[in-house]
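The structure appears below as structure tokens.
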């Protein structure tokens, strides 16, 4: 298939490019280097140095023999995005090109406005480019499990049948989030659902939990092919941050009580989920929603796991409860259903001690690059 | 009270300014003339010529003796909006400053992008300006009954308690709309709800049905104080359009089967609803939602009413079913609950024959200005 990947330079984007490319699909990638420039601005750059995207593509060609087409540009510029759709006529577009950080969206009005503007305008532009060039093109959109928040009822897979006063209807599962970033993902879902109903588009919306890890079969071929790996408060996900903190012998920053529970998955499983979704696309006029996770853990459980492996490897790992900078429930019900991707064929990589140890070992190689000031940047929700 | 009205030149905005002003409140109004310029561009200008906003304010002062402060500017410009908040420190802000037309939002990508950008960025800016200057300032936000769409269950007032697998929680009533414009109103609600929970703001979100009429006690004082009155496919609401079509002896344009049912209210009741909401504000950390309507009618019922009065007044009124340019259910369940505003003290003006006849008489005075080409502009949802 011909697959267009938006946000091709990112933590998920670049491994996804390689994953499809190694399976002999034609990959077209776009990125505007937002994450690189924002992390320079905020002094929270990735742990592992990554060549720029054009250099990565050359390395990938040299390593695997497979070509990709890369364009550096901003898909909030519709003329640019449309020209790419017209040039390549992709069968699938994977939309990762959003500002992906909850804390970033809470820094100030300018960053909130950027998040809102970027995330919604990119989604609208993708919708219009698909409609204008090939409405059969399957849109795979990265949402987040955070769209659901922490309701007091079971979280179903995207939809909920409601019976009220003796009548029934089926709706999007109620969504209420914990940050402006997460809110833009709800707003994306609202917008996709409208255009799916109205224009008959084919959309898969992936409610993804926080991702951990930095290894895929493709990136293991050459360390220069590794994904961006953020461990900072802004762009790092919790488990990656804890591991880097352990290696740096910086007390793990548990926010508040640490009973906050979320669904997680290995980077390798994100690759599988997107691949399975692309190979078995949504139907015409279908907004297909998957809950993309493989296991649920509380923050305290993650801290314990990291401490256990860290201690075993000889690091001195402390766990420190810090005042929660976020406004979120620290004790809550959490029961998620996620069978859709398993039914498509997902083979989960669970969070074993071996997996953790492997991540520790890679991180240790780069420990001189750890910027301790990036662990807590002082961004508060209030 | 000091009240800041955003969109002060509009169909609702200008009468609201006068309504508060005549009750001796300090009124500050902002408008960027979007509707005037868009309706010139699209050749669908209002029926009744209206002086510009600064001239209106002079006329109002001459007529009533009351002053208002008017600023012409765009509230997507945060620095401008913030300067107004700092200058006046309002107790209440009424946010009408959105692109208000479903067909406009469906014309093409540029107009969709404008709608998305304008409606969400104005709301975000209002939220931030309130947070930054005075979090106690009560935000009254104009939503739409269209946020709910036409579900197969009763429409409750904003919220729904859901029982699922033996557990309960309360959520925003499920929302799914019929246009991108309406979708931006859902997105506004999502965003307001996030910031209300996070920052403790006080917000009233008014789910308003289509408004009809052109008379308020204040505008009746001088015909030059009358509100904009749109009757075209783009900016006109259905009942206003039908009356102008009847006066023009142009067959009433019923879309499809005409069984589409919505909640309606008289312009005079919009004034009351906003006033009652301002006088009895939402609590700290409350997103208060009211369903703002007084009666529900199907499109066919409205057409019949207009034909009856039109025929009585000597017009030759035909009713014509045109192919529905929208994608919407033409037969559907519709049972809305709306008690909140009645409990605050709303005294409804129902759609009687007398009310209709009065609107007919005013419209007739301007019948030479009717632009028949504006009734059907050919905007299609597909």
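Throughout, read-outs are computed from the coordinates displayed, never taken from laboratory work. These numbers come from a predicted model, not from an experiment. Cβ: placed from backbone, ideal geometry, glycine included. Neighbour counts: every protein chain shown.
For the reader, a short list of remarks on this structure follows.
- Converting the Cα gyration tensor eigenvalues of segment A:59-137 into ellipsoid dimensions via √(5λ) gives semi-axes, longest first, of 26, 19, 10 Å.
- Label points for residue A:323 are taken 7 Å from Cα along Cα→Cβ. From this copy to the others they lie 6.4 nm apart, shortest first.
- When the convex hull of its Cα atoms is projected in every direction, mean area for segment B:46-92 (nm²): 4.7 nm²
- Expressed as a fraction of 2.2 N^0.38 Å, the C-alpha radius of gyration for segment B:223-311 is 1.34.
- The protein assembly as shown: equivalent-ellipsoid semi-axes (sqrt of 5 x gyration tensor eigenvalues, Cα, Å): 50, 28, 23
- Cβ-Cβ FRET estimate between residue A:331 and residue B:337, R0 fixed at 35 Å, reported to 0.05: 0.55
- Cβ-Cβ FRET estimate between residue B:108 and residue B:248, R0 fixed at 22 Å, reported to 0.05: 0.20
- With the alpha-carbon atoms of segment A:20-167 aligned to their principal axes, the span from lowest to highest coordinate is 63, 41, 30 Å, starting with the largest.
- Alpha carbon Rg of segment A:125-198, scaled by the compact-globule rule 2.2 N^0.38 Å: 1.28
- Beta bridges from DSSP with both residues in the protein assembly as shown: antiparallel share about 20 percent, rounded to the nearest 5.
- Counting, for every residue in B:248-260, the Cβ atoms of other protein chains within 10 Å of its Cβ and taking the mean gives 0.
- For the pair segment B:30-47 and segment A:175-189, the centres of their Cα atoms are 33 angstrom apart.
- Of A:97, A:282, A:79, the one that fluctuates the most in a GNM where chain A has Cα springs shorter than 10 Å: A:79
- More than 14 angstrom apart: percent of Cα pairs within segment B:70-112: 62 percent
- Based on Cα atoms of segment A:333-382, Rg over Rh with Rh as the Kirkwood radius reads 1.16.
- Hydrodynamic estimate: the Kirkwood radius of segment B:176-230 over Cα pairs, inserted into Stokes-Einstein at 4 °C and 1.567 mPa s, corresponds to D of 91 µm²/s.
- Across the alpha-carbon atoms of segment A:14-68, the computed radius of gyration and Dmax are 12.7, 38 angstrom.
- Value of D in µm² per second that Stokes-Einstein yields for segment B:137-273, Kirkwood Rh from Cα pairs, at 4 °C (1.567 mPa s): 74 µm²/s
- Reported to the nearest whole Å, the Cα centre-to-centre distance from segment B:306-364 to segment A:305-382 is 59.
- Stretchable slack from residue A:41 to residue A:295, in nm (0.36 nm times residue separation minus alpha-carbon distance): 88.0 nm
- Inter-chain Cβ neighbour count for A:110-121, averaged per residue, equals 3 (cutoff 10 Å, partner chain atoms only).
- Cα-based shape type of segment A:227-370, given that a ≥ b ≥ c are square roots of the gyration tensor eigenvalues and the cut on a/c is 1.5: prolate
- The helix-only estimate of mean residue ellipticity at 222 nm for chain B, built from DSSP H runs of length n ≥ 4 each weighted as -39500 (n - 2.57), is -12000 deg cm²/dmol after division by the residue total.
- Using the Cα coordinates of chain B, the gyration tensor eigenvalues translate into equivalent-ellipsoid semi-axes of 30, 26, 19 Å, sorted from longest to shortest.
- Counting only DSSP beta bridges with both residues in segment A:237-374, the antiparallel share comes to about 50 percent.
- Point-to-point label distance, residue B:33-residue A:161, nm (Cα→Cβ direction, 7 Å offset): 5.6 nm
- Relative packing of peptides A:102-111, A:14-23 - highest average C-beta neighbours within 10 Å first: A:14-23, A:102-111
- Two-site label geometry, residue A:280 and residue A:368: point separation in nm, points 7 Å out along Cα→Cβ: 4.8 nm
- Of all chain A C-beta atoms, the nearest to the rotation axis linking A with B is recorded, alongside its rounded Å distance, as A:187, 2.
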